[in-house]
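Scroll down for the structure; my scribbles are underneath it.
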Amino acid sequence: MARSSSDLLSREEILGGLPSKRQQNLLFVVEAATARVVAEARLPAELVTGQAADELEDAFFQAFKFGTALPLEPSIHDLELHASRWAPLVPENPQARAGLARLLGQKYRFAEHDVPRLRRAVGIDDPAVQAAYETLYAEPIQGIFAPRISPADRMRWLGTGLARWLDSLPPFWYVAVLVCTMSVPQAILALPIALAGIGPVTGVLLLAVFGLVNTITIACLAEAYGRNGPVQYGAAFLGRVVSDYLGRTGSVVMSAVALFRAVLFILACLIGLASTLAAFTPLPSIGWTIALFLLGLWLCADRSVNLSTAAAVLLGAASLSLALVLALLALGHAGGLAQFSLDPFTLLGGALSREQLGLVFGSVLGMYAVQTFLPHFAKLTLPRDPSGASLIKGSMAGTLIITAIYSVWVLGIDGGIAPSRLLGESSTVLLPLARELGPFASAVGMVLLLLLLGLAFIRMVSLAFNLMRDWLPHTTSRHEKTVWYQPHVRFWFSVSPLVLSALLAVWLDMTGSGSFTAVFSLNGMLGAPLVAGLFPLLLLVSSRRKGDAVPAGTFRALGHPLVLAALFVFFEGILLAHGLFIWQGAGERTAALLDALLMVVLPVLLARQGAFTSRLVVELRDDARPERQAMFHITAAGARLPVNVRLAAATGERQLESSGGELPDLDSLKLAEFQLPASSARELKVWVHRVTADGASEALPATVDVKDAGNTRKHHLAGSRGQLRLPITGGPCLVTITL
């Protein structure tokens, strides 16, 4: 169960003890709540079980219990950005607020105008707090502010200002900005090479077609996330969502696909970085590969290099800006306009070899990586807009915008550089651009290389490391210790994807067969049909039958059998075409055909295991967030279901018929009884939990009695995240929750 900082020390405990101890307690709780939010935001949302998140929670709990150092030390910028998350933990007492203000001023350096949220959370501008501060310390409260800030600090505060601007955006535009800036794929450096043989106009048409399909599948995946309750409270780990909807089998397959893609991503980054850097430095590409491998090991051992959302947005925007600069430079290159011709028949193989045709489709498929980042976007957006409408429509809008940006990139590069200069390039497109456009383009390209491939390498190494850790036994397990609990064994097992990628990169370099574009194309062709095609469709179908919530802004037509079939045939047909006709290598053809077989077998297997069985959901939720009320909801097959409800409290009893409502007397509530009618549902989920002041979900102590077909079963929810799932017959069912 996720523990919340607000429950480890109560306000009474904070205010207990000696005055100095009270103030230190309060500062510790504020810093811990902030550090927890920051640490969770930096965990890769594509994790399978979220074990890394559980270990992080344990580390914070140990810090609270024994008064040891926090796993992550927050900065003053973090305290400012996340002030709304820790503000409810600050007592109303003016003396306590004054003491907290003094400790903040002693420990951190900040100017008054830089911390509007912190001032509001602590109450620094409140006359009562100011008076208490002067009484306690015989000086005005303005003394906590720094009169001057260093240039380095000023730059950091500019980043904080960007983060505040992002937070101020409406949720729709917030998601659109995240999609456009954080999902820029590294395949953008391979795309012009792959499309050189078909020309820029035909390439843009392909991007438009695949972009439209991708927009539809993004809407499917966003709706599935919008229907999942735990995602709204920070548990946005892809594997957990997949497991909830598709079961253990679906989660294992998704884990394997994610790990396979991570290995290929790391391999492509090693090839692209090493070959490009070797062209501009005396160190050969093998030397750069070894250096990057050692960097990856250090990152895994240290695990301290992480980017905030604002930093990722800033770097993504910088990458797009530099790419557009290169596209405009190439477009203005002599003779550039001569490349603009439309010849779609080249896609039929008339002017392209089968190898080039494979690069075309694989690279275009690899351009759309929004699905990989959507768990993170959902975690950031759904607390701001629980309806899910902004997540769905914002991700669709962002995908269309980024497709337009990709089109400009292709028009510029392939329209300005002759195909003969691009075809056959084994490194990134930056090398032919540097040769054609000169030193300025070389400098811009080098920065773009480090932003795209450098940061992608760091992120993919971290993702693969955490994916492997997810498969290891939990370090806090009480079972007998085995070799898998030894730190060095756990470390080398977790870095094995990096080791494998580095060995492959060295072998490809030594044999002269390494190709940046080919690896990204292979990754796109084998991974995208599953990640961007099949899984969004499966999750949409399952979520409409099992979802906890009913999001707004959904498109009912997405679930129509004809739409689902058309999307499935689109991705399945591409795989079969490559496995049977386009790819010539035995390994490639076998992989494509196995992928195509998995596309057919997996839905059948999941259906047999009950992944698409309808579910009844009974949720009872306390809510400690400001201006929120305790609620209950009943959902059946993804839609609200009115039922007869009996609520027994110390103040009396009331009965009503509703699919949901407020529970203003939850503190005195003893029993909640729900009479569920007969339905097509064959699974029941009961979720009794509390949303803490900092937005996390934790179990409420409760007992659940389920009477179904004359049989009554009693269940205790302790240690189960407040969730109970069990099969039912589909007849009338009585659920009694005793608090």
Quick check on SER658: is it surrounded by 14 or more Cβ atoms within 10 Å (Cβ to Cβ) and of a type in the set (S, T, N, Q)? yes
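Report yes if VAL184 is touching a residue at least 24 places away in the same chain (Cβ under 8 Å), surrounded by 16 or more Cβ atoms within 10 Å (Cβ to Cβ) and part of a loop (DSSP other than H, G, I, E, B), otherwise no.
So VAL184 fits the description; yes.
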Any residue in region 529-542 that is in contact with a Leu (Cβ under 9 Å, 6 or more places away or on another chain), hydroxyl-bearing (Ser, Thr, Tyr) and over 25 Å from LEU270 (Cβ atoms)? yes
Which residue pairs have Cβ atoms under 6 Å apart, sit 6 or more places apart or on different chains, and have a first residue in region 465-477 that is modelled with pLDDT of 75 or more and a second that is part of a loop (DSSP other than H, G, I, E, B)? ASN466/PRO44; ASN466/LEU47; ASP470/LEU47; ASP470/VAL48; ASP470/THR49
Scanning region 415-434 for residues that are farther than 20 Å from SER521 by Cα and either in a loop (DSSP other than H, G, I, E, B) or touching a strand residue (DSSP E or B) at 6+ places or on another chain (Cβ under 6 Å) (or both) gives ILE417, ALA418
Of the residues in region 509-521, those that are buried (at least 24 other Cβ atoms within 10 Å of the Cβ) and in a helix (DSSP H, G or I) come to PHE516, THR517, VAL519, PHE520, SER521
Could we say that ASP595 is in the same structural domain as ALA696 (by TED's automatic domain parsing) and crowded, with 20+ Cβ neighbours inside 10 Å here? no
Give the residues of region 591-625 that are in a loop (DSSP other than H, G, I, E, B) and under 26 Å from the mean Cα position of the chain (by Cα), sorted by residue number. ALA611, PHE612, ALA624, ARG625
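Listed here are the residues, each with its yes/no results for (1) surrounded by fewer than 17 Cβ atoms within 10 Å (Cβ to Cβ); (2) polar (S, T, N, Q); (3) not in a helix (DSSP H, G or I).
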| residue | (1), (2), (3) |
| --- | --- |
| ALA96 | no, no, no |
| ALA101 | no, no, no |
| GLN106 | yes, yes, no |
| ALA121 | no, no, no |
| ASP125 | yes, no, yes |
| TYR133 | no, no, no |
| GLY143 | yes, no, no |
| ARG148 | yes, no, yes |
Condition met for GLU619 (of a type in the set (Asp, Glu) and in contact with a Phe, Trp or Tyr (Cβ under 6 Å, 6 or more places away or on another chain)): yes
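For region 578-611, name all the residues that are among the small types (Gly, Ala, Ser), more than 22 Å from TYR245 (Cβ to Cβ) and in contact (Cβ under 8 Å) with a residue 24 or more places away in the chain. Can you show your working first?
Start the filter on region 578-611 by keeping residues that are among the small types (Gly, Ala, Ser), which leaves 579, 585-587, 591-592, 596, 607, 610-611.
If we keep only those that are more than 22 Å from TYR245 (Cβ to Cβ) too, we end up with 579, 585-587, 591-592, 596.
Passing the criteria: ALA591, ALA592, ALA596.
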Mind telling me which of the residues PRO127, PRO147 ends up being more than 36 Å from the chain's Cα centre (by Cα), more than 30 Å from THR381 (Cα to Cα), modelled with pLDDT of 90 or more and not aromatic (Phe, Trp, Tyr)? PRO127
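Yes/no matrix, rows are residues, columns are (1) out of contact with any strand residue (DSSP E or B) (no Cβ under 8 Å at 6 or more places or on another chain); (2) hydroxyl-bearing (Ser, Thr, Tyr); (3) surrounded by fewer than 22 Cβ atoms within 10 Å (Cβ to Cβ); (4) more than 30 Å from LEU382 (Cα to Cα):
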| residue | (1), (2), (3), (4) |
| --- | --- |
| ALA208 | yes, no, yes, no |
| MET254 | yes, no, no, no |
| PHE260 | yes, no, yes, no |
| PHE265 | yes, no, no, no |
| TRP288 | yes, no, yes, yes |
Where the second residue is assigned to a strand (DSSP E or B) and among the basic types (Lys, Arg) and the first is more than 14 Å from LEU620 (Cβ to Cβ) and lies in region 653-679, which pairs have Cβ atoms under 9 Å and are six or more apart or on separate chains? GLU653/ARG646; ARG654/ARG646; GLN655/ARG646; LEU656/ARG646; GLN675/ARG646
The one condition in (1) out of contact with any Lys or Arg (no Cβ under 6 Å at 6 or more places or on another chain); (2) surrounded by fewer than 18 Cβ atoms within 10 Å (Cβ to Cβ); (3) over 22 Å from ALA369 (Cα atoms) that LEU472 fails to fulfil: (1)
With the condition kept exactly as written, say whether any residue in region 667-678 is touching a Pro at 6+ places or on another chain (Cβ under 9 Å) and assigned to a loop (DSSP other than H, G, I, E, B). yes
Taking only pairs six or more apart or across chains, which ones have beta-carbon atoms under 7 Å, a first residue in region 206-219 that is in the same structural domain as PHE535 (by TED's automatic domain parsing), and a second residue that is surrounded by fewer than 22 Cβ atoms within 10 Å (Cβ to Cβ) and hydroxyl-bearing (Ser, Thr, Tyr)? LEU207/THR403; LEU207/SER407; ALA208/THR403; GLY211/THR403
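For region 698-720, how many residues meet the condition of being part of a loop (DSSP other than H, G, I, E, B) and within 33 Å of the chain's Cα centre (by Cα)?
Residues in region 698-720 being part of a loop (DSSP other than H, G, I, E, B) and within 33 Å of the chain's Cα centre (by Cα): 7 in total.
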Restricted to region 343-373, and to residues that are at pLDDT below 50 and assigned to a loop (DSSP other than H, G, I, E, B), which residue is nearest to VAL179 (Cα to Cα)? GLY349
Give me the pairs, please: first residue somewhere in region 78-90 and closer than 17 Å to THR160 by Cα, second residue anywhere and among the charged types (D, E, K, R), beta-carbon distance under 6 Å, and either six or more positions apart or on two chains. GLU80/ARG117; ALA83/ARG117; ARG85/ASP694
Suppose we keep only residues that are out of contact with any Lys or Arg (no Cβ under 9 Å at 6 or more places or on another chain) and in a loop (DSSP other than H, G, I, E, B) within region 108-119. Which one would you say is surrounded by the fewest Cβ atoms within 10 Å (Cβ to Cβ)? ARG109
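The values are calculated or read from the model by the stated rules, or taken from the named source; none is laboratory data. Worth saying up front: this structure is predicted, and the values here are computed from it rather than measured. Every residue, glycine as well, gets a Cβ built from its backbone with ideal geometry; the counts of neighbours run over all protein chains shown.
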